[in-house]
Number of protein chains: 2
Amino acid sequence: MSRTLYDLAGEDPACRFSPFCWRSRMALAHKGLEADAVPWRFTEGERLGFSGQGKVPVLVDSERTVADSWHIACWLEDRYADRPSLFDGEGGRAVSRFVNAWTDGVLHPQVARMVVADIPPLLAPADRAYFRESREKRFGMALERVSADRAERVEAFRREVLHPLRVTLGQQAWIGGEAPGYADYIVFGAFQWARVCSDFELLENGDPVATWRERVLDLHGGLARTVPARGAAAPASVAAAQ
Amino acid sequence: MSRTLYDLAGEDPACRFSPFCWRSRMALAHKGLEADAVPWRFTEGERLGFSGQGKVPVLVDSERTVADSWHIACWLEDRYADRPSLFDGEGGRAVSRFVNAWTDGVLHPQVARMVVADIPPLLAPADRAYFRESREKRFGMALERVSADRAERVEAFRREVLHPLRVTLGQQAWIGGEAPGYADYIVFGAFQWARVCSDFELLENGDPVATWRERVLDLHGGLARTVPARGAAAPASVAAAQ
């Protein structure tokens with residue numbers, strides 16, 4: 001069976017940083033499903049024409065095409081119902097939508113402000129121009145200005161924005177409960193995005209959110225560690241595997 | 001079988017405004033369980049000595065005593081597993097803890113700032129002094145100053161704080177999915193608190209969050225409407241029922 005995930009990449013095809021694509025990669029691994037994560041770039045919208053839209057992630061699972069990370073998670077949960085569950089019941093699926101909305105609407109904008117200026121150098125030339133223009137229009141200023149106050153901003157981010165996450169992880173090992181679930185992957189995507197794009201550290205050592213992030217990085221054979229943190233040397237084994 | 005819920009009350013014993021107690025009252029109704037919701041006041045901590053702590057809600061279910069709204073929900077879910085589920089699976093229970101943490105840590109402080117000055121006149125005299133002193137110490141200023149900017153503050157509250165809730169309710173009828181669940185009651189408690197304590201309107205007409213709030217008010221025979229909104233006349237039938 002062929003299975004392909006179109007996955008956002010930097011100029012280096014091994015650089016995979018999309019928080020939404022990481023949700024899908026972790027969901028596939030959770031289900032124990034192989035997929036060829038092929039590199040795709042912002043300015044290659046036409047390559048996704050077959051999906052009826054122009055954004056990643058897009059999963060092609062045999063003859064079925066599924067776009068959008070949430071729909072991919074639901075597809076995997078329903079199609080592979082006999083494999084480990086992403087939601088652990090319909091209530092888990094429903095309430096994970098709130099986690100999805102919080103991550104998209106609260107966590108991502110905060111992370112974006114702190115790492116966005118580090119992204120252009122990672123991108124292929126055509127993407128670099130597209131990214132800077134579209135994001136500077138969105139923020140209404142140069143990307144370097146958007147991220148300029150991050151050293152001060154990160155304090156409130158840790159204390160206030162991450163508070164509900166920290167409380168939850170003080171009560172149970174995973175957002176999904178006793179075992180990781182899709183809610184963990186939703187939130188983790190944001191931290192993986194920052195990890196791959198920027199050497200600016202969002203979390204303090206000892207924060208329960210930081211220890212949880214390490215545990216997610218360890219999941220599924222260390223899948224998310226196969227892409228090195230920005231500024232870290234790629235481990236030899238990973239470099240060889242590329 | 002006797003079942004008693006100790007429920008925070010104002011000077012008027014019919015005035016029930018605790019967001020945490022409303023979580024438990026809605027959870028009991030969801031399970032189709034009768035309980036005698038007895039009035040309790042802030043300064044009656046000793047009346048709860050049997051529970052090992054001094055806060056409501058406390059549920060006494062035959063010989064079992066359960067304190068804390070989250071533990072009460074879990075007790076009801078596990079003890080009455082054959083009745084309609086509050087969580088619809090273990091994933092729903094786990095991820096609802098995030099909703100609980102978000103509500104306690106983000107939603108409640110925002111609502112508190114906007115309604116806290118309206119609370120003292122509702123309280124019994126001893127509670128009034130306790131409440132003003134403890135809350136003014138917490139906020140570091142007079143309660144009237146805390147709430148003074150609410151007309152401006154409410155705009156960002158609606159647009160930013162409620163954003164994840166609005167997105168979720170744009171995708172499904174309830175936070176719990178196709179049917180209401182405990183996650184709905186967690187969040188609803190904050191709006192019921194504001195509704196009973198203050199005539200300041202947190203929501204705009206037409207906001208999906210407002211239509212959801214109305215639907216929660218209609219649940220379980222309109223249980224949450226049996227306490228009138230502040231400033232509204234009690235419906236004759238409710239007044240008679242008291």
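The values are calculated or read from the model by the stated rules, or taken from the named source; none is laboratory data. All values reported here derive from a predicted model rather than from experimental measurement. Glycine gets a Cβ as well: all are built from the backbone with ideal geometry, and neighbour counts include every protein chain shown. Side chains included, ligands, DNA and RNA excluded: accessible areas come from the protein's heavy atoms. Shrake-Rupley method; radii C 1.70, N 1.55, O 1.52, S 1.80 Å.
Between the alpha-carbon centres of segment B:165-189 and segment B:30-62 there is a gap of 26 Å. For chain A, the percent of C-alpha pairs falling in each 10 Å distance bin, counted from 0 to the bin holding the largest distance, reads 7, 32, 38, 21, 2.
Gyration tensor over the Cα atoms of segment A:4-139: the corresponding equivalent ellipsoid has semi-axes (square roots of 5 times the eigenvalues, largest first) of 27, 19, 12 Å. Give me the distance between the Cα centres of segment A:91-127 and segment B:1-26, rounded to whole Å. One Cα centre to the other: 40 Å.
With contacts taken as Cα pairs under 8 Å at a separation of at least 6 residues, segment A:90-222 carries a relative contact order of 31 percent. Per residue, the convex hull spanned by the alpha carbons of segment B:121-229 comes to 127 Å³.
With 0.36 nm allotted per residue and the present C-alpha distance subtracted, the B:THR226-B:ALA151 stretch has 24.2 nm of extension available. Using a probe of 1.4 angstrom and keeping all protein chains present, the accessible surface of the protein assembly as shown works out to 42 square angstrom per residue. Measuring how big segment B:65-189 is from its alpha-carbon positions, Rg and Dmax come out at 17.5, 49 Å.
Within 10 Å of the Cβ of each residue in A:165-178, the mean number of Cβ atoms contributed by other protein chains is 4. Our summary gives chain A a relative contact order of 23 percent, counting only alpha carbon pairs under 8 angstrom and 6 or more residues apart. Per residue, the convex hull around the alpha carbon atoms of segment A:3-79 comes to 80 Å³. Here the accessible area is traced with a 1.4 Å probe on the protein chains. For segment B:3-79, carbon and sulfur cover 47 percent of it. Computed from label points 7 Å out along Cα-Cβ, the spacing between A:ALA142 and B:ARG159 is 2.7 nm. In a fully extended conformation the segment linking B:SER2 and B:THR43 would gain 12.2 nm over its present Cα-Cα distance, using 0.36 nm per residue. The reciprocal of the average 1/r between distinct C-alpha atoms defines the Kirkwood hydrodynamic radius, which for the protein assembly as shown equals 24.4 Å.
Per residue, the average separation of C-alpha pairs within less than 8 Å and at least 6 apart gives segment B:3-79 a relative contact order of 35 percent. Every helix of 4 or more DSSP H residues in chain A counts as -39500 (n - 2.57), and over all residues that averages to -14500 deg cm²/dmol at 222 nm. Relative protection proxy for A:140-147, B:191-198, from highest mean packing down: B:191-198, A:140-147 (other beta-carbon atoms within 10 angstrom).
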